[in-house]
Amino acid sequence: MNDKIQKIKNGFIDRYFEVVETDEDEDDPKQTKASQASVAKHKPEEKPKESIVKQAQTAIKYHENEKAAHEPTIISKGTEIQGHINAENDLQIKGKVVGNIHINGHLIIDNAIIVGDITAQKITIISSNIKGHIESYSQLEIQQDSIIEGDMKGQNIFIACQCNGNIDCGELLHLSSTAHTTGDILTKHLKIDENAILNGQIKMAKKE
């Protein structure tokens, strides 16, 4: 029976531990095979420091590239573009564009002049002159001191300036106190602040 137990012990030690040599007396009868075992066979290998540093540098570079990909392209003040613009990332325009603009992102028009139709995921217009149709797939915001000559379409629309054109709003149309619109309005929800001016017919779309 003792021999069987000893064989089981030896088999367990051989499977999970590796034997290492020590400076202790090998003839010591008290020295057992278990006391010579020091490191488990299944212990994971430590990665070299250079490999860890390389992984960290790769991660930092990846996040920098992701950040750069989300930064908007800027058309600076004084720049004039003759021709159409198509882009996948966000775009900020501070100059003049004569041509249609299609952006699959956020379009910011800031103190700019646009002659052409505009479509984008989200549109923000600040103190700019636009001559052309405007369509946003989500939110259209036209702030004060802008002049719009053309039809406007979007899911949620905020107007605080002079707009000459029909408005087609899928959800909420908000006309601020400085809004002055000329054209027919189609919307599901309408909010009109005091002193806003509307010239045209208003048709409320049916709620689903």
So Q144, is it at pLDDT below 95, within 32 Å of the chain's Cα centre (by Cα) and open to solvent by 60 Å² or more (accessible area, probe 1.4 Å)
yes
If we scan segment 157-175, do we find a residue that is without any contact (Cβ under 8 Å) to a residue 40 or more places away in the chain, outside any strand (DSSP E or B), in contact with a His (Cβ under 7 Å, 6 or more places away or on another chain) and surrounded by fewer than 19 Cβ atoms within 10 Å (Cβ to Cβ)?
yes
Kindly indicate whether D184 is over 26 Å from I108 (Cβ atoms), open to solvent by 40 Å² or more (accessible area, probe 1.4 Å) and acidic (D, E).
yes
Flag if E149 is among the acidic types (D, E), open to solvent by 50 Å² or more (accessible area, probe 1.4 Å) and modelled with pLDDT under 95
no
Out of the residues in segment 92-114 that are in contact with a His (Cβ under 8 Å, 6 or more places away or on another chain) and at negative phi, state the one that is least open to solvent (accessible area, probe 1.4 Å).
I101
Hey, can you tell me all the residues within segment 125-137 that are assigned to a strand (DSSP E or B) and surrounded by fewer than 19 Cβ atoms within 10 Å (Cβ to Cβ)?
I126, N129, K131, E135, Y137
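The values are calculated or read from the model by the stated rules, or taken from the named source; none is laboratory data. Model, not experiment: these values are computed from the prediction. Note that each Cβ is placed from the backbone with ideal geometry, even for glycine, and that neighbours are counted across all protein chains shown. Protein only, heavy atoms only, side chains kept; ligands, DNA and RNA dropped before computing areas. Shrake-Rupley method; radii C 1.70, N 1.55, O 1.52, S 1.80 Å.
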